[in-house]
Amino acid sequence: MLNEPREFFDYTTPVTYTAKAKADTTYLRHFTLDFFTSFDGLNRVLTILARGYLFQDEKPDVDRAKRALLAWSSIPESKKATPKKGWQYRTDFRELHGPFPELVDQNGKGWLYRHAHGVEKFILKNAGQIDSRKVPQAEKIRKEFDRKWREKVVQLQNRVFNPNTKGGWVFRFDDAIAEALELGPLRNYEITLPEELKQRITQATSAKIAPYVRDLISYYLAHRREDTDWVVLPATGFDNYYRSSYFSKKVLGQIPETILVKQERSGISRYYITEEFLP
């Protein structure tokens with residue numbers, strides 16, 4: 001969430017599926033298990049990817065960014081399925097293996113497709129060595145991911161002025177590229193907070209909650225604008241970053257308003273950090 005170049009690296013490079021302990025979930029990269037069937041937080045992931053491929057040269061290359069998103073999202077066409085006519089039904093982009101070998105293989109298996117099944121197979125194969133509560137989620141990925149992801153990839157290709165009303169309200173690849181153009185190149189927002197402030201945070205919360213609060217303060221400092229004290233709170237993005245919904249379900253409710261003030265407005269959650277806890 002703070003080191004965007006590192007986040008981009010984690011979305012595009014091979015994954016080592018290992019776990020040193022039951023609580024070790026690094027093999028997920030920056031995803032929760034629920035992500036692979038709900039895709040909550042996908043907007044941010046696609047925007048990070050678009051920014052990474054858009055700004056590799058002096059001038060933004062929209063075509064390269066769009067092709068990279070297609071390659072990353074590729075899922076092999078089902079041999080049993082009857083192909084439907086029309087550009088919007090295509091999900092297999094194996095022809096992009098040449099320019100984007102890191103994103104899609106020669107069989108049309110995109111990065112996310114390979115990662116989802118890598119996670120699922122690792123959990124089911126090592127069920128006795130990791131948290132057993134993850135097994136049902138892995139089974140769900142095995143059974144549901146392909147169908148749901150294929151539907152999502154079709155949805156992502158909807159055009160901006162799609163005559164289909166249902167398709168007109170979804171996030172699209174074009175939206176990710178538009179956001180990427182507005183946000184610019186990837187940035188590293190990691191901020192070192194003063195030790196005295198870190199101690200105050202721990203005293204006001206707990207040693208368990210304090211690291212999350214420090215990240216929220218750093219994120220706030222990095223994204224606060226001059227015209228408002230409020231910053232959008234991407235709770236799902238933080239969940240994916242931490243590889244667990246513990247942040248949104250438990251942590252946020254335990255942070256006192258003396259540190260963080262939240263507000264829901266028009267379906268968007270936003271927050272500000274009180275002056276006492278700003279460096």
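The values are calculated or read from the model by the stated rules, or taken from the named source; none is laboratory data. All of these numbers come straight from a predicted model, not from anything done at the bench. Cβ placement follows ideal geometry from the backbone for every residue including glycine, while neighbour counts extend to all protein chains displayed.
Please go through the stretch 57-71 and give me each residue that is in a loop (DSSP other than H, G, I, E, B) and touching a residue at least 12 places away in the same chain (Cβ under 8 Å), ordered by number.
Within the stretch 57-71, 60 is the sole residue that qualifies.
Got at least one residue in the stretch 247-257 being buried (at least 19 other Cβ atoms within 10 Å of the Cβ), assigned by TED's automatic domain parsing to the domain that holds residue 38 and outside any helix (DSSP H, G or I)?
No: zero hits.
Are any residues in the stretch 203-217 in contact (Cβ under 8 Å) with a residue 12 or more places away in the chain and within 27 Å of the chain's Cα centre (by Cα), and if so, which ones?
Selection gives 209, 210, 212, 213, 214, 215, 216, 217.
For the stretch 1-15, name all the residues that are in a loop (DSSP other than H, G, I, E, B) and in contact with a helix residue (DSSP H, G or I) (Cβ under 7 Å, 6 or more places away or on another chain).
1, 2, 11, 12, 15
Collect the residues in the stretch 16-56 that are part of a loop (DSSP other than H, G, I, E, B) and over 13 Å from the mean Cα position of the chain (by Cα), keeping them in residue-number order.
Matches in the stretch 16-56: 16, 17, 18, 19, 20, 21, 22, 23, 24, 25, 55, 56.
What single numbered condition from (1) in a loop (DSSP other than H, G, I, E, B); (2) of a type in the set (D, E, K, R); (3) touching a residue at least 24 places away in the same chain (Cβ under 8 Å) fails to hold for residue 200?
In the conditions (1) in a loop (DSSP other than H, G, I, E, B); (2) of a type in the set (D, E, K, R); (3) touching a residue at least 24 places away in the same chain (Cβ under 8 Å), residue 200 misses (1) alone.
Based on this model, can you work out whether residue 246 counts as out of contact with any Ser or Thr (no Cβ under 8 Å at 6 or more places or on another chain) and more than 24 Å from residue 90 (Cα to Cα)?
yes
Which residues, counting only those in the stretch 109-130, are outside any helix (DSSP H, G or I), in contact with a helix residue (DSSP H, G or I) (Cβ under 7 Å, 6 or more places away or on another chain) and not small (Gly, Ala, Ser)?
The one that is outside any helix (DSSP H, G or I), in contact with a helix residue (DSSP H, G or I) (Cβ under 7 Å, 6 or more places away or on another chain) and not small (Gly, Ala, Ser): 130.
Is it the case that the stretch 5-15 has a residue that's closer than 18 Å to residue 130 by Cα, among the charged types (D, E, K, R) and under 12 Å from the mean Cα position of the chain (by Cα)?
No, the stretch 5-15 has no match at all.
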